[in-house]
Every structure is written in C-alpha cells, then in structure tokens.
1. Quick check on my filter: what residues within region 153-198 are part of a loop (DSSP other than H, G, I, E, B) and closer than 22 Å to Ile247 by Cα?
2. Only one of these is among the hydroxyl-bearing types (Ser, Thr, Tyr) and within 30 Å of Ala87 (Cβ to Cβ): Thr234, Thr255. Name it.
3. Can you report the number of residues in region 1-41 which are in a helix (DSSP H, G or I) and not small (Gly, Ala, Ser)?
4. Where in region 258-301 are there strands (runs of 3 or more DSSP E), lying fully within it, with 2 or more residues that are under 19 Å from Phe226 (Cα atoms)?
5. Select from region 114-134 the residues that are of a type in the set (D, E, K, R) and either surrounded by fewer than 19 Cβ atoms within 10 Å (Cβ to Cβ) or closer than 16 Å to Phe226 by Cβ (or both) and list them in ascending order.
6. Filter region 85-132 down to the residues that are free of Cβ contacts under 8 Å to residues at least 40 places away in the same chain and on the phi > 0 side of the Ramachandran plot and list them by number.
7. How many residues does region 22-40 contain that are in contact (Cβ under 8 Å) with a residue 24 or more places away in the chain and out of contact with any Gly (no Cβ under 9 Å at 6 or more places or on another chain)?
8. Could you say which residue among Leu249, Leu222 is part of a strand (DSSP E or B), out of contact with any Pro (no Cβ under 9 Å at 6 or more places or on another chain) and closer than 28 Å to Glu130 by Cα?
Amino acid sequence: MKVVFFGTPWAALPALGSLVDAGHELVLVITQPDRPAGRGKEPTPSPVKTAALARKISVLQPEKIRTDPRILEALKAAAPDINVVVAYGQIIPRVIIDLPRFKSVNVHFSLLPKYRGAAPVQWAILNGEEKTGVTIFELNERMDEGDILSRVEVDIRPREKAYELEGRLSRIGADLLVKSLDGIASLPRLPQDHAQATTAPRLRKDQGRIDWTKESIAVDRLVRAFSPWPGAHTFYRGRRLVVREGIPLSVPEPTPRPGRIVEIRKEGPLIGCGGGGAYLAVRLQQENKREMAAADFLLGTKMEAGEDLG
C-alpha cells in the first residue's frame, strides 16, 4: 500500500519503521519544520525527518499545512492509498484527509473518546488512571473525534513515567497500525460516544510547579507525568529545582508541614506533603545544571531539615 506518513516526534518512529518493515511503500513524509534546539538554538530536524531521510524517503515541512498549496499538489503527485498520522502536530485540512482511496487514519495514545488532545499519556498519569491504550481512528477535521477502527487497552505500571509509557504505547500502536491496514477495507467504523469524551491539552511549563499541600501520591503523579518535559519543579533558596524522580511515603506523627524538609536521608531529602504524607526526592536537577542523584546533589548543597521548598 502506498502511504503518506505525517509525524514529528520520536514516538512516531516505531509506526514509520513498522510500515516499511511490513512492505508498505512510504511515498512521502510530512513533518514539522526544523526548530531551534540545544544551548546554541541551532535549527534541528524532527526525529521523523531524520529517520525518513536515512531511508531515502522524500520529506516536506510546511509551516502551516492548511495554507500551503504545495502540499496538496505533492500529495496528488504521490497518489497514496492512505495517509497515516502519528503525533504530527498540526490540524490537517479535509481536502488532504479525503484525498487517498482509504482516506486518513490516526494513531492516538489513549482509549478514545477519553483524553483527546496533544498530551494523552501525561494526563492519564496525572489523573491516576490505572489503564490506557492505543486507538486507531479515521481522521476528520475535529480533534480526535473520528470513527474508531481498532484499539488496545494496557495497564499503566505503578512507577511508569510519561516517556516510558509513551514509548511502550508507540510500539504497541505500531503493531496495531500494521494489523489495521491489513484489513482497512473491511474494518467496521465505530462512532465515538462524545458524551464520554475528556480532553488532554498540551502541557504548559507552569503546570509543573509542585503543590506540596497535595498528597504525596499526587505529587508523585505530577513528577512522573511531567517527565522529561516540562519537569515537575519547586523552588529552593529562590532557585528553580526540578524533581526528576521520587517515592511517595507515609511518615510517623507529627504531621509534617507541606513543603518542609522533614529529614535528610542518604537517598535524598524527605519533603512534607498534604494529608500527612511525605515525598522522598531521589533525583534532582538545579536550574541550568545537569540532572543527578539527590545523594550527589546533597554533597554539593548544604540542604538541611527544617528548610522550606516552594
């Protein structure tokens, strides 16, 4: 089958690779423009662009796909049987969606209609979901509202971080995509129940600030959901401190003050939370510094019990 692939981040790579390995012909890849990255802010290609060029697949990078007439002309010339979309990052217009014989399908990392939007993995962890999954659905111009073709449910592991879960779902989704394309002509189209829909909007950096008045399990979910970006953070001595990993704990009486360092353990600082719990931070990253084990951080920082964070 001739495929045009729309995708941008590393989470789209398993699907791209699986399509090629399954014998599908990727006639064109469409991805986001190169963006500044790193300390030098040099223009950097997306992971999908890098992978496509390595496979000698043509790449286009429209700044705004809805207003770039060259994309539609290129798609007509490519004459795909289907468009496949995995975390592309732009709303695709109807004229492109409907162009191929089998139209367009999207690989989404949630059990639709739950968690429609740009950050379904992060919001599932943040909200304490025990299960999530992958949905293959037929694309339309509305955000993740198309008819469902297939889906797989998976458990969210107790200590799983967002990037770990997204990586696992991307591999599961790649397999499900190939199976779905094998039967694309006969798969039933299941309309979504819009009354059951929830949203998963793109994360903002300021949403990662830790509220120590919340219970330790909620603090832990924030840390895992915001890993690696934008990072769950607090403030220590006026400087931003990212908490990369930790363990929610209960502590003996008296109830600790939220945000106060209860004690300094060999693994890292134990920080009071709401509800009488505490959070043991085991990996930290100070502003403009590298991430490190909290035990190593403590060697260079005279953090003391009784100090307040936040």
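1. Ile156, Arg157, Pro158, Arg159, Glu160, Lys161
2. On inspection, the qualifying residue turns out to be Thr234.
3. Total meeting the criteria: 7.
4. Qualifying strands (runs of 3 or more DSSP E): 277-286.
5. Passing the criteria: Glu129, Glu130, Lys131.
6. Matches in region 85-132: Lys103 only.
7. Here the count works out to 8.
8. Only one candidate qualifies: Leu249.
Read the figures in this text as sums done on the coordinates, not as results from a lab. If you're wondering where the values come from, they're calculated on a predicted model, not measured in any experiment. Note: ideal-geometry Cβ built from the backbone for every residue, glycine included; neighbour counts use all protein chains shown.
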